[in-house]
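Okay, structure first, notes after.
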Amino acid sequence: MNAALVLVAYTALVGFVAPHLLLRADWPHRAPALAVAVWHALTLSFALGAALTAYHLFMPMEHAHEGLLGLLHSCGLDLGVGGPDPGTAGRLAVSLPAALGIALAGSFTFHVVRARRARSRHREAVDLVGRRSARLGATVLPYDVPAAYCLPGRRPRIVVSDAAVRELTAEQLAAVLEHERAHIAGRHHLALAAAAAFHAVFPRLPLACHAREQTALLLEMVADDRALRAHSDGALATAMYEMAAARTPKGAFAAGGQTVLIRMRRVLGPRRAAHPAFWGSMAAAAAGVPLLPLLVACPLGVG
């Protein structure tokens, strides 16, 4: 039971405390790609911690009163099994973590497939209504509001409105198109699907709620940074402002949207790159955090 208690404490720390600490930090907006990796590492660590907690709670251990079933039986709660049956406890110890893994994998598959179907339907409509522009590398739609978005996946599309083509300057439009190419090249839709899948399984968990919200915001910042490599901050910020009110379909990434004000302040404000030493330490932490539940469980479980 020692391993189970430590794992419970660790999982609670990751699920409830770590998200608030990360939200209060200022470095994620300076290194958004690294911050996305840290958020996802925390979700993976929480899932492993929860699975290992269930395993150690129910798996019969020597001198551990046959796991959680034995502890409940000693308190007068036999759960209808008539005592701490090692076979029942062993089956629960394996089936509960497996059920959690299946739920997460199934939720991820569901979100990926649902978004792919929505993008596919919209892609067909775009191909019918819009006109392909080889010069822009995008499909131009008749729409009287400046807008731009991408449909990632196997057959990606970048879509811009004819109002955006008319009203944005050449540099502004080029910055927007580069922003959308970053979403497609980075396969950002998969990161969003993973965050949404975790939230669907743990809907009330602070880590799940904040990871989903922050992943969407940080991925937009990642795409902004790629656009800023070749274009001025003023051009990108102005283009975002012009497209702030545009609507985009489900499953698409838009250069405008609800996060425009946060991103505009970041683009126009002073930007300091994360120190290489800090970047390296946080990257190592992101890689190591998912392994912590295993390091916590194994020594205590053996002992």
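Bear in mind that the values in this text are calculations on the coordinates, not laboratory data. Computed from a prediction, not measured in an experiment: that's the story for all the values here. No Cβ is skipped: glycine too gets one built from the backbone with ideal geometry, and neighbour counts run over all protein chains shown.
Rounded to the nearest 500, what is the 222 nm mean residue ellipticity of the chain from helices alone, with -39500 (n - 2.57) per DSSP H run of 4+ residues and division by all residues?
Numbers: 13 runs with 199 residues, N = 303.
-21500 deg cm²/dmol, from helical runs alone.
Counting only DSSP beta bridges with both residues in the chain, what percent are antiparallel, rounded to the nearest 5? Before the final figure, lay out each step's value.
Numbers: 9 of 12 bridges.
For the chain, the DSSP antiparallel bridge percentage is about 75.
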### Task
May I ask you to list the trypsin sites (Lys or Arg not before Pro) in the stretch 114-146 that are in a DSSP loop and have at most 14 other Cβ atoms within 10 Å of their Cβ?
Arg135
### Task
Please determine, in degrees from 0 to 90 and to the nearest 10, the orientation of helix 188-201 with respect to the longest principal axis defined by the Cα atoms of the chain, where the helix direction is its Cα long axis.
40 degrees
### Query
What is the distance, in nm, between label points placed 7 Å from the Cα along the Cα-to-Cβ direction at Arg271 and at Ala103?
4.0 nm
#### Entry: Extension reserve of the Glu167-Trp279 stretch, reckoned as 0.36 nm per residue once the Cα distance is removed
36.4 nm
### Angle in degrees between helix 2-12 and the longest Cα principal axis of the chain, rounded to the nearest 10
20 degrees
#### Entry: Those trypsin sites (Lys or Arg not before Pro) in the stretch 164-252 that DSSP places in a loop and that have at most 15 other beta carbons within 10 Å
Arg187, Arg204, Arg229, Arg247, Lys250
